[in-house]
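Since the structure comes first, as structure tokens, the remarks are kept for the end.
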Amino acid sequence: MHIVVAIKHIPSIADELPVRHNNIDFDSVDFVLNEWDEHSIEQAVLIKEAVGGTVTVIGVDVIGELDNALHLALAKGADRAVKIAAEEPGADSHQQAKWLAEAIQNMSPDLILSGVQASNDLDGQLGPLIAAYLDLPYIGGTSAIEVTNGKAMVLKEFPGGIGMRYEIALPFVAGVQAAPKPPRYAPVSKVRQIAQTAKVETIEPGEGESGGLRFLKMAPPVVTGHAEMIQGTAKEIAARIVELLKSRGLL
Amino acid sequence: MAPIEKAVAIEKENVIVDGMDISGPWSRIFEQRTIFDYTPELIEKVASIPGAESFANCYQCAKCVAVCPVDVVGNYGPRKLYRYAQTGMDLSEAPQLWLCTTCANCLRVCPKEVNMVRIMPAVREQAILDGKFVPAELQQAFENTAKYGNPLGQPQRKRDAWTQNAGVPVPILKDLGRPVDVLWYVGSYPSYHPRGIDAACAAARIFNALGIDFAILGKEEKDDADSQRLAGEKGLFEMMAEYNIATFNKYEWKEMVVTGPHELNAFKNVYPRYGFSRPVVHYTTFLVRYLDRLKPLLKHPIHKKVTYHDPCYLGRHNGEYEAPRQLLQAIPGLELVEMPRNRENGFCCGGGGGGMWMDSFTAQHTTMRLSEKRAMEAAATGADILAVACPFEVSRFEDAVKSTGNEHMRVLDILELLDRSMRGDVEI
Ligand code: SF4
Ligand code: SF4
């Protein structure tokens, strides 16, 4: 059983997103592991713990700092870490999917997991594109995957609290919405130990453009209105609310 | 205060549980046991962890249990842990592993120097590395510290946003571009927690009024991570310490003043092991030096009865008991009353050693929060105000006065009291 987890290193939205020209100013933001990838790593490790096998984590190293995320994945139970040294912070999901698919092709995986989406594009394309390149089936929005005898039972979430169970033959690609358990915590002591000893394999990105989006313009959203904070004593506040309701013709 | 209820033992004439006859008085001995029926295995397992060796020193005198705050709200203390281990408890997997606040009161009285302040972090670290149970809230605090630089999970870029509310200039070292006398390390809770911000603003106004040449690190400041270390995440602590030491050493300053006792403990007692040894003082120790200049500024009397809670990490861990009291007594009109447990025997608020981030977990294993017990003690003195000197405490005690029906008692940092006496324009 070989599970490959495709991860993404994306700009952190914990801080303000500075814009330069038609994209994010990549030099002045921190990059972090996509939060859905924490779930796909957890899902992979859970399967490995249940049925054995190996977990390979692979990602495009867009700014040359992917090692931290890979060490974290190793600390959580992945066995092998691979980075595609592209150093192209603007590479979108389409481009990354192409590079990833080319690399994964040679790994003969039984199962490929990706986070169902990432906060830097939210189009959820990475998994489906990898599946398309590799000519494999794709299922997104999974909340539990169990593997038995060459098959997987997959729980997929739909809006409105509906879940559906699928039986799928391996290999296939899944977009993980959530692992069945919250992602485990990797102690920093362990991550630091691994950082000193682990070997991260590096491969070069393939040639050739992918399809995808072209950025024309990027700008922070314009603030159009804001809430009025009503202050004062309870009486004053109540009076102001009545006044407002009246002025809108609601009273 | 509610009357103390005594537990009533269940005594039934005829009880059979799982086929075992347990009828009769509760203290009935089913079978004689000799001490040799127990193995020291689980005690040795703890004591074999580097740092936790002193666990095996215990000779069961029980002095520690009498002073352990957790025993007041539960069943705890080094002696009991030792005994539990002797009778089959694996500390690394037991909930007891997370209940100690590293308050050091047991160490103060233990004739055998059984040191929970070292034992707990060591065993917790081992448990974390072995993938054993870790309370979820604590894990969240670890993750937040690793990801955002503070246990609250607030963005780094907002670390200095509080300065806008201070009403006085709060210079930032990076922008200042010159050496300063005092580097004021603000701390995570004073930077982000609404009630912590109140104390930070008060401190800024006091420093300004005293004409102190100070600056802060602003967005470059990150959590000291000492409580995370005591909760078992040594790697996280080391990562933060490396960053902080490099940041502190980027600038020229003569002395560091910290708002919190945990930061004092980190920078003064632990960072030296990582190569940092520059002077660090708590704000109470610092301000007391300026008492002559401060007194004339304290123009507005505060006619209130005030009791002071000694933070474990300022008092027992760092020996500062008098400076906070001197500052309080400098405020005209203020009457300082003591709680029965004070100074060396101060009662822990429950926030130390990671307890700050384990309240829901500890609630499952204790009868009440330590902060609630302490708030009741404070209220029993008849005090109008519970004064504190640790940024963990304001929020802990404010919750506790509410949940114990003591809302009439205000919880204020000494900084806030000094500031109010200085300005006089705020109601207490
Ligand atoms: S005071 Fe020390 S020796 Fe005595 S019971 Fe407690 S831990 Fe053991
Ligand atoms: S350090 Fe404090 S909480 Fe921990 S066992 Fe000792 S007295 Fe109890």
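So here's what we get for this one:
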read-out	value
Test result for A:G140, out of contact with any His (no Cβ under 6 Å at 6 or more places or on another chain) and within 30 Å of B:P135 (Cα to Cα)	no
Of residues in region B:94-128 being in a helix (DSSP H, G or I) and among the basic types (K, R), the one nearest to ligand 2 (Cβ to nearest atom)	B:R108
Criterion: on the phi < 0 side of the Ramachandran plot, more than 14 Å from chain B (Cβ to nearest Cβ), in contact with a Lys or Arg (Cβ under 9 Å, 6 or more places away or on another chain) and crowded, with 17+ Cβ neighbours inside 10 Å - qualifying residue of A:L111, A:L126, A:L100	A:L126
Residue match in region B:65-73 (condition: more than 7 Å from ligand 2 (Cβ to nearest atom), modelled with pLDDT of 95 or more and not in a helix (DSSP H, G or I))	yes
Residues satisfying the stated conditions in region B:123-140, i.e. within 12 Å of another protein chain (Cβ to nearest Cβ) and either within 15 Å of ligand 1 (Cβ to nearest atom) or hydrophobic (A, V, I, L, M, F, W, C) (or both)	B:A127, B:I128, B:L129, B:F133, B:V134, B:A136, B:L138
Helices (runs of 4 or more DSSP H) (entirely within region B:302-416) containing at least 3 residues that are within 21 Å of B:G74 (Cα to Cα)	B:359-363, B:370-380, B:391-403
Tabulated pairs, region B:86-111, first on the phi > 0 side of the Ramachandran plot, second within 12 Å of ligand 1 (Cβ to nearest atom) and among the hydrophobic types (A, V, I, L, M, F, W, C), C-beta under 7 angstrom, 6+ apart or interchain	B:T102/B:M116
Output for region A:200-251, where each listed residue is without any contact (Cβ under 8 Å) to a residue 40 or more places away in the chain and within 30 Å of A:D92 (Cβ to Cβ)	A:E207, A:R214, A:P221, A:V222, A:V223, A:T224
Condition met for A:S189 (hydroxyl-bearing (S, T, Y) and in contact with a Gly (Cβ under 9 Å, 6 or more places away or on another chain))	yes
Options B:H317, B:H282, B:H262, B:H303; residue that is surrounded by 21 or more Cβ atoms within 10 Å (Cβ to Cβ) and not assigned by TED's automatic domain parsing to the domain that holds B:A146	B:H317
Residues within region A:1-20 that are in a loop (DSSP other than H, G, I, E, B), at pLDDT 85 or above and not aliphatic (A, V, I, L, M), tallied	3
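A quick yes/no check of all residues on (1) in contact with a His (Cβ under 8 Å, 6 or more places away or on another chain); (2) within 13 Å of ligand 1 (Cβ to nearest atom); (3) within 14 Å of chain A (Cβ to nearest Cβ):
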site: B:Y38; (1), (2), (3): no, no, no
site: B:G51; (1), (2), (3): no, no, yes
site: B:A56; (1), (2), (3): no, yes, no
site: B:C61; (1), (2), (3): no, yes, no
site: B:P69; (1), (2), (3): no, no, no
site: B:G74; (1), (2), (3): yes, no, no
site: B:P78; (1), (2), (3): no, yes, no
site: B:A85; (1), (2), (3): no, yes, no
site: B:G88; (1), (2), (3): no, no, no
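The values are calculated or read from the model by the stated rules, or taken from the named source; none is laboratory data. Remember, predicted model here, so these are calculated numbers, not experimental data. When we count neighbours, we look across all protein chains shown, and the Cβ atoms used for this are built from the backbone with ideal geometry, even at glycine.
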